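Below is one structure, written out as structure tokens; the observations come after it.
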Ligand code: BEZ
């Protein structure tokens with residue numbers, strides 16, 4: 001089995017479905033950039049539990065989904081999908097796909113060049129690489145608070161921060177160096193409602209930071225983090241939002 005998950009970051013299909021269903025629900029704009037055509041063979045890189053993969057199958061495409069989290073792959077298979085446990089930095093495919101699609105995954109993989117190289121190998125000449133992930137400035141309030149709470153405890157937050165949020169210019173340069181022509185690349189500010197509040201969001205997306213702390217200190221650290229972000233991320237009716245900034249792109253393999 002070939003996996004690469006950020007240290008301290010666990011993926012469980014049940015907590016993901018509770019805290020993060022919005023990730024797939026908000027994924028339709030990047031599906032529009034992909035513009036899937038019936039009969040195309042598409043790789044979903046980081047398919048998770050397959051909620052969005054299923055929509056591409058419904059468009060008449062043949063899908064292969066890969067994800068490093070076995071629990072998520074099992075959930076995708078329960079939907080009847082061809083889902084496989086694979087690392088995004090070591091994709092095992094030859095030039096067999098018309099398109100590679102990815103939503104809300106690449107910000108977990110710091111070795112972006114290895115991903116781009118594997119996507120290039122997997123695409124037919126002229127194939128499309130279309131995706132969306134966290135871009136420069138993403139979840140800035142959340143990230144700043146998490147860093148502050150670790151730093152107060154004498155822990156270097158950079159050592160536990162699992163996220164990669166590049167600017168359009170820097171990601172474009174990586175794609176071009178990897179043999180792609182970039183047709184579109186944009187940053188999109190998208191404040192995002194958190195259905196299970198800030199604590200639910202941290203449970204699913206920020207656990208790597210708290211893995212740095214003794215279990216006995218985690219509730220206090222969580223309360224401090226929430227207090228720091230509350231003025232920015234909770235509205236006057238008690239609704240929580242995260243300050244998401246998406247990087248959306250469409251590139252073509254040369
Ligand atoms: C995102 O989808 O942008 C995201 C997910 C988890 C942590 C940070 C950002």
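Quick notes on this one:
- Computed from Cα atoms, the angle from the helix 13-25 axis to the main principal axis of the chain rounds to 60 degrees.
- Relative to its Kirkwood radius, the Cα radius of gyration of segment 45-196 gives an Rg/Rh of 0.99.
- Cα-based shape type of segment 30-128, given that a ≥ b ≥ c are square roots of the gyration tensor eigenvalues and the cut on a/c is 1.5: oblate
- With Cα atoms as the point set, segment 130-191 shows a radius of gyration and Dmax of 14.8, 45 Å.
- Relative contact order (%) - the chain, alpha-carbon pairs under 8 angstrom, separation at least six: 23 percent
- Segment 56-113: C-alpha gyration tensor shape, a/c 1.5 cut-off, then a/b vs b/c: oblate
- For the chain, the 222 nm mean residue ellipticity estimated from helices alone, with every DSSP H stretch of n ≥ 4 adding -39500 (n - 2.57) and the total spread over all residues, rounds to -11500 deg cm²/dmol.
- Cα extents for segment 189-254 along the principal axes, largest to smallest and rounded to whole angstrom: 53, 32, 17.
- Acute angle (nearest 10 degrees) that the helix 140-152 long axis makes with the longest principal axis of the chain, alpha-carbon atoms: 50 degrees
- Sequence of 209, 249 once ranked by neighbouring C-beta atoms within 10 Å, starting from the fewest: 249, 209
- Highest mean first, the peptides 51-63, 214-226 sorted by other C-beta atoms within 10 Å per residue fall in the order 51-63, 214-226.
- Cα-based helix-to-principal-axis angle, 218-233 vs the chain, degrees rounded to 10: 80 degrees
- Put simply, the Cα atoms of the chain extend 51, 39, 37 Å along their principal axes, the longest span coming first.
- Here the translational diffusion coefficient of segment 117-244 follows from Stokes-Einstein with Rh set to the Kirkwood radius across Cα pairs; for 20 °C and 1.002 mPa s it amounts to 128 µm²/s.
- Listed from fewest to most Cβ neighbours within 10 Å, the set 233, 123, 228 follows the order 228, 233, 123.
Read the figures in this text as sums done on the coordinates, not as results from a lab. Just so it is clear, the structure is predicted and the values come from calculations on it, not from any experiment. Neighbour counts are summed over all protein chains in view; Cβ atoms, including those assigned to glycine, are modelled from backbone coordinates with ideal geometry.
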